[in-house]
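Below is one structure, written out as structure tokens; comments come after it.
The values are calculated or read from the model by the stated rules, or taken from the named source; none is laboratory data. All values derive from a computational prediction rather than experimental measurement. Cβ placement follows ideal geometry from the backbone for every residue including glycine, while neighbour counts extend to all protein chains displayed.
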Amino acid sequence: MKKLLAVSLIALSVSFAKAQENKDVYKIDLPSYDWKMKDGKYKEVFEQNCLMCHSPGYVFGQAKGKSGKDMWRTVVYQMINEFKAPISKENAEKIIEYLNENYTNKN
Amino acid sequence: MDSRRDFLKKGILFALGSVALRNVSFAEESNVIDFKDYPKMVKYPGKTSLIMYSDRPPLLETPRSYFASAVTPNEAFFVRWHLANIPTEVNLKEWRLNITGNVKKPVSLSLDDLKSMFEPVSYYAVLQCSGNGRSFFENKQTPLGIQWKYGAMGNALWTGVRLADVLNYAGVKGDSVEVAFAGLDKAPYPETPNVERALPVDKCLYENLILAYEMNGEPISLLNGFPLRLIVPGWYATHWIKSVTNITVLNTELKNFWMEKAYHIPDNACHCVQPGEKPKKARMITEMNVKSVIGTPDDNTVVRVGEVVKIAGVAFDQGFGIKEVLISFDGGKTWKETGLGPDLGRYSFREWFYYFRPTTKGNIKVMVRAVNKNGETQPMEAGWNPGGYMWNGIDSVTIKVV
């Protein structure tokens with residue numbers, strides 16, 4: 001255990017020295033998270049098509065308040081038309097079905 | 001690299017022993033996010049615990065309690081990007097600010113050039129996302145976008161150089177119409193339009209915009225737009241381009257998704273339509289409206305009869321300045337004046353406070369309303385619009401008197 005600490009302290013001071021040398025470089029390591037989507041029909045179509053550009057956080061937030069009429073249809077076609085998401089019409093319809101079923105608040 | 005860091009963490013953890021382990025955030029935080037615990041409180045590098053809506057791109061909201069003070073600490077300042085490939089590494093030896101397009105002499109400046117060639121200026125200004133408070137429209141209909149509550153806003157002391165000085169150095173040609181700004185962030189999918197936004201040339205040459213390299217006396221963090229951020233005081237954050245690297249002077253209007261479709265509001269007096277309706281005419285969002293937020297006490301705080309509780313928060317507007325902040329304990333029938341903190345400038349948060357001593361038991365709803373020097377005041381609820389922009393409804397908390 002003492003050895004481990006000694007080794008890590010050396011490693012720590014080496015990386016510190018590097019940072020000093022390179023004071024012009026600013027760097028950050030971003031954490032990432034494991035988003036759990038609800039199980040349901042066409043979940044895999046969603047996962048194959050909707051995770052390339054952003055996290056499912058965008059979807060989660062949208063499902064809390066009163067959903068407007070055709071909310072997910074509007075969203076999915078906005079992804080295709082405005083952000084150029086490469087999604088076939090057939091898959092788009094499946095994704096809309098999955099989201100309507102699992103992430104819509106009808107209250 | 002990663003395995004060495006893991007190894008390091010483990011080594012340090014072993015060394016610190018089990019008592020200290022409780023305080024080490026990376027050992028505690030589970031990285032699983034379920035719909036039930038969304039949005040989740042997490043710590044990003046250089047940040048304290050913030051409300052996380054997305055990790056890719058990072059979308060982090062400041063908790064409401066920070067709005068008891070006029071200046072938002074950098075570590076609690078909200079984070080908002082559109083496109084997931086955000087700059088995570090910048091080498092200042094290579095980074096340049098390029099000014100090209102309709103100019104007499106295209107220039108390329110290092111950060112040191114900017115600092116040494118132009119006079120530095122500082123002011124406080126509120127940075128607020130257009131969609132701050134969007135979630136409060138949810139009982140009418142949830143607008144599309146991130147469901148921000150109170151904290152997609154913050155106030156900081158920005159230090160940098162005047163945009164006009166830099167533009168004049170390159171020499172703006174007489175027939176110029178707009179100035180376009182692009183940062184280092186990029187879309188993960190190449191066909192998605194990258195964020196580039198333009199402002200009218202006269203706004204850039206004759207108003208008070210700056211290119212800031214410092215926020216509250218420190219270099220702006222990578223998450224908030226290192227190394228240089230456009231500051232457009234009084235206007236919503238969508239115009240405050242982060243990690244600005246290309247400025248292009250234009251003799252025609254910039255046309256792209258972000259200019260023509262995104263961030264548009266109904267072009268009428270209330271900037272509103274019936275829930276679910278589309279506006280007949282829309283325009284780009286620009287100036288903020290008058291608003292106040294209660295920072296303390298927390299909602300549902302329990303207080304004893306006769307005990308004094310400090311109610312405090314911040315107020316701001318588009319730059320006229322705050323005239324008064326009013327408080328009501330009877331559902332808005334009568335309003336009393338609050339005390340105002342020091343004036344940090346017309347674009348800054350203005351602190352307000354009220355010492356309240358309840359005399360009877362029961363729940364008391366505290367409501368707060370700001371009035372600006374142009375006579376504008378907050379509505380009970382903001383008018384609905386498809387983007388869920390410009391929420392400035394009256395804020396409230398409940399105090400439980402026992």
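Of all residues in region B:247-257 being surrounded by fewer than 19 Cβ atoms within 10 Å (Cβ to Cβ) and among the hydrophobic types (A, V, I, L, M, F, W, C), which is farthest from the chain's Cα centre (by Cα)?
B:250
I'd like to check something: does region A:60-79 contain any residue that is outside any helix (DSSP H, G or I), modelled with pLDDT of 95 or more, surrounded by 16 or more Cβ atoms within 10 Å (Cβ to Cβ) and more than 7 Å from every other protein chain (Cβ to nearest Cβ)?
no
Where in region B:238-284 are there strands (runs of 3 or more DSSP E), lying wholly inside it, with at least 1 residues that are in contact with a Lys or Arg (Cβ under 7 Å, 6 or more places away or on another chain), aromatic (Phe, Trp, Tyr) and farther than 20 Å from residue B:81 by Cβ?
Filter on region B:238-284 gives an empty set.
Based on what the data block shows, is residue B:244 more than 23 Å from the chain's Cα centre (by Cα) and surrounded by 17 or more Cβ atoms within 10 Å (Cβ to Cβ)?
It is false that residue B:244 is more than 23 Å from the chain's Cα centre (by Cα) and surrounded by 17 or more Cβ atoms within 10 Å (Cβ to Cβ).
Can you run down the residue pairs with Cβ atoms below 7 Å, 6 or more apart or on separate chains, where the first is in region B:134-146 and within 7 Å of chain A (Cβ to nearest Cβ) and under 16 Å from residue B:80 (Cβ atoms) and the partner is at pLDDT 95 or above and in a loop (DSSP other than H, G, I, E, B)?
Matching pairs, first to second residue: B:135/B:147; B:135/B:148; B:135/B:149; B:146/B:131.
Of the residues B:214, B:207, which is among the acidic types (Asp, Glu), farther than 25 Å from residue B:77 by Cα and modelled with pLDDT of 95 or more?
So the residue among B:214, B:207 that is among the acidic types (Asp, Glu), farther than 25 Å from residue B:77 by Cα and modelled with pLDDT of 95 or more is B:207.
Among the residues of region B:283-329 satisfying the criterion of being over 16 Å from residue B:363 (Cα atoms), among the basic types (Lys, Arg) and over 20 Å from the mean Cα position of the chain (by Cα), which is surrounded by the fewest Cβ atoms within 10 Å (Cβ to Cβ)?
Selected residue: B:310.
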